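*Asks:* Can you keep this structure in mind? I'll have questions shortly.
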Amino acid sequence: MALVYGRRRLGKTYLLQRFVAGENMPKPACYYLAEQTTAPTQRLLLATQLLESLGGTSLAPSDLAVSWQALLHYVCEQWKRRERFILILDEFPYLAEQSPDLPSILQAWWDREGAHSTVMVILSGSHLSMMKALGEPNSPLFGRFNAGILQITPFRYHQTALFYASSPLYGVVEKLTMYGVLGGTPRYHALVDTSQPMEDEIINLLLRPGSPLRYEVEYLLGTQQIRDPASYNAVLGVIASGETQYGRIQQLSGTGNSLSFYLRTLTELGWIREEMPFAEDSRRRLLYRVADPFLAFWYRFIAPHKSLLEFSDPVFVYETRMRPYLPVYMGQIFEQICLQWLQTYCPNRFHVHILQASRYWSRDGRTEIDIVADLSDGRRLFAECKWNLGRPAGADVLMDLKAKVQTVPHLLQHKRAVYAIFAIGGFSPELYATAQSVPDEVWLIDQTSLLPNTSIASASTTAIYPNT
């Protein structure tokens, strides 16, 4: 038995289809996608699928659909071969919502029959909190997922870049920008026509009436069964606009004392994340940020201009309301990209691992460091991330970074410091010379380093994230 879960559009169904299809020949399987309907109808639909997949009986679907126990027993009764038969119950929360006792029924059947058969059961779903709960100690199914629990997470920037690998129109800047616009959801990147320029595709996918992603956020809110989308929209909009402190979010969103509930739900969905200054543990300093770049882009650029988009040329809206502000927006996304780079490529490039990393900001607000990280060799890294397309980073950037670190001596704690400069616009000859003179102290990461060849990317991901 396996548990597979993750947000919508991340490719759970596609992954399961590929698993069933196999490398050379398909595996015997029954795939059932649950619908939001009554329990008797759900059982009837599953019975129809099982009879088509297993056959060998004159039963009518209505005869088999009398109970969940009858359906599950039928699978073991009909399948006596050595090879495994795979039963996939996709969108399992829809089934459990109508039949709250279904996890207990599954547990009883599994202990009595399923675990001793050659049947594999995969429970899949997009309702994160409900799916996570199935594997927790207070769940009837706790300890039964002997084939593993797999959470499907969004792609990282170097993985989404593979969608554009064969296009001469998409260089490093375009690939990173598309990650900033569409985030880590593979479904969205698969919609991009890479034979068309980047800005045309942003307009075609997000701005034109009836475009594939124009109303995507409303869809996502609806499929999560959120009862008060207006409040969630308000909270996400306020955070995306740059207000990250609890009090300001509460004031501007108008959510009052209910804000904690909305923030907790959005965090569970993976739509926002909590952020603390490096080496701080006081929740009084907690900030909230939109976690998914697609949502950040949508609430920053699409939501405020929805009325304008209904009556104006989308090209005009993009050119006047979005394009001039993209560099500032991408500057924030670039910090996430740089952090992902450190986590993914440090072992290959610098032979160290990142143990922990986050942004740092001082209590008085005067000092901000884009990334502070502990390295596996005991050193501490301080990084500056520069999304300056037309200007190389000079030696002054390194000097400023060192000066900022000196204002927060407690971050050094007798550790050796490493300084990293990420610059999409490259580096001045002076800064290159400085870095070459102290290669163990100064790291420079430019466009060519941000997206190395895919074989290295795949190896790094496997080494650092063995469970993803």
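Just so you know, all these numbers are worked out from the coordinates, no wet-lab data involved. Since we're looking at a predicted model, the values are computed, not measured. Glycine gets a Cβ as well: all are built from the backbone with ideal geometry, and neighbour counts include every protein chain shown.
*Asks:* Could I have the simple spin-label model distance between residue 230 and residue 399, label points 7 Å from Cα toward Cβ, reported in nm to one decimal?
*Replies:* Going from the residue 230 label point to the residue 399 one covers 5.6 nm.
*Asks:* Can you give the helix-only mean residue ellipticity at 222 nm for the chain, where every DSSP H stretch with n ≥ 4 adds -39500 (n - 2.57) and the sum goes over all residues, rounded to the nearest 500 deg cm²/dmol?
*Replies:* Roughly -12500 deg cm²/dmol at 222 nm, from the helical runs in the chain.
*Asks:* Given R₀ = 51 Å, FRET efficiency for residue 215-residue 77 by Cβ-Cβ distance, to 0.05? Before the final figure, lay out each step's value.
*Replies:* Values: r = 46 Å, r/R0 = 0.90.
So, using R0 = 51 Å, E works out to roughly 0.65.
*Asks:* Given the alpha-carbon gyration tensor of the stretch 274-375, what are the semi-axes of its equivalent ellipsoid in whole angstrom, ordered largest first, with each equal to the square root of 5 times an eigenvalue?
*Replies:* Semi-axes, largest first: 33, 18, 11 Å.
*Asks:* If one computes P(r) from the Cα atoms of the stretch 158-330, what percent of pairs lie at distances over 23 Å?
*Replies:* 44 percent
*Asks:* Rank these for me by crowding, 175, 27, 306, 132, going from fewest to most other beta carbons within 10 Å.
*Replies:* Lowest to highest Cβ neighbour count: 306, 27, 132, 175.
*Asks:* Once the piece of chain linking residue 315 and residue 388 is laid out straight, how much longer is it, given 0.36 nm per residue of separation minus the C-alpha distance between them?
*Replies:* 23.8 nm
*Asks:* Under 8 Å for C-alpha pairs, at least 6 residues apart: give me the relative contact order for the stretch 2-151, rounded to a whole percent.
*Replies:* 35 percent
*Asks:* For q = 0.16, 0.23 Å⁻¹, what log10 I(q)/I(0) does the stretch 132-195 give under the Debye formula with an equal point scatterer on each alpha carbon and no solvent?
*Replies:* Computed log10 I(q)/I(0) values: -0.59, -0.86.
*Asks:* How about the stretch 224-291: which trypsin sites (Lys or Arg not before Pro) there are in a DSSP loop, with at most 14 other Cβ atoms within 10 Å of their Cβ?
*Replies:* On the way: sites: 227, 248, 264, 273, 283, 284, 285, 289; in loops: 227.
Filter output for the stretch 224-291: 227.
*Asks:* Now for a different question. State, in angstrom, two size descriptors of the stretch 335-464 derived from its alpha carbons: Rg to one decimal place and Dmax to the nearest whole number.
*Replies:* 14.3, 44
*Asks:* For the peptides 291-297, 33-39, 9-15, 339-345, what is the packing order when you average, over each peptide's residues, the other Cβ atoms within 10 Å and list the highest mean first?
*Replies:* Those peptides, ordered most packed to least, come out 291-297, 339-345, 9-15, 33-39.
*Asks:* If you don't mind, another one. Using Cβ counts within 10 Å as a stand-in for footprinting exposure, how do 360, 157 rank, fewest first?
*Replies:* Fewest to most other Cβ atoms nearby, the residues stand as 360, 157.
*Asks:* Take each uninterrupted DSSP H stretch in the chain, measure its Cα extent along the helix axis, and return the ones at 30 Å or beyond whose mean Kyte-Doolittle hydropathy is at least -1.0.
*Replies:* Once both thresholds are applied, what remains is 326-349.
*Asks:* By how many nm would the segment from residue 136 to residue 379 lengthen if fully extended, with 0.36 nm per residue of separation less the alpha-carbon distance? Intermediate values should be presented prior to the final figure.
*Replies:* Working: separation 243, 0.36 × 243 = 87.48 nm, distance 3.70 nm.
Full extension of this stretch gives 83.8 nm more.
*Asks:* Still on this structure, please answer the following. Set the Förster radius R0 to 56 Å, insert the Cβ-Cβ distance between residue 412 and residue 35 as r into 1/(1 + (r/R0)^6), and round the FRET efficiency to 0.05.
*Replies:* According to the calculation, E is roughly 0.45.
*Asks:* Which one is right for this structure if Kirkwood radius over Cα pairs in Å is calculated from it: (i) 23.2; (ii) 26.4; (iii) 25.0?
*Replies:* Checked against the structure: label (iii).
*Asks:* Sticking with this structure for a sec: Percentage of Cα-Cα pair distances in the stretch 385-441 greater than 18 Å, rounded to whole percent? Kindly include the intermediate steps, with their values, before the conclusion.
*Replies:* Details: 579 of 1596 pairs.
Percent of Cα pairs beyond 18 Å in the stretch 385-441: 36.
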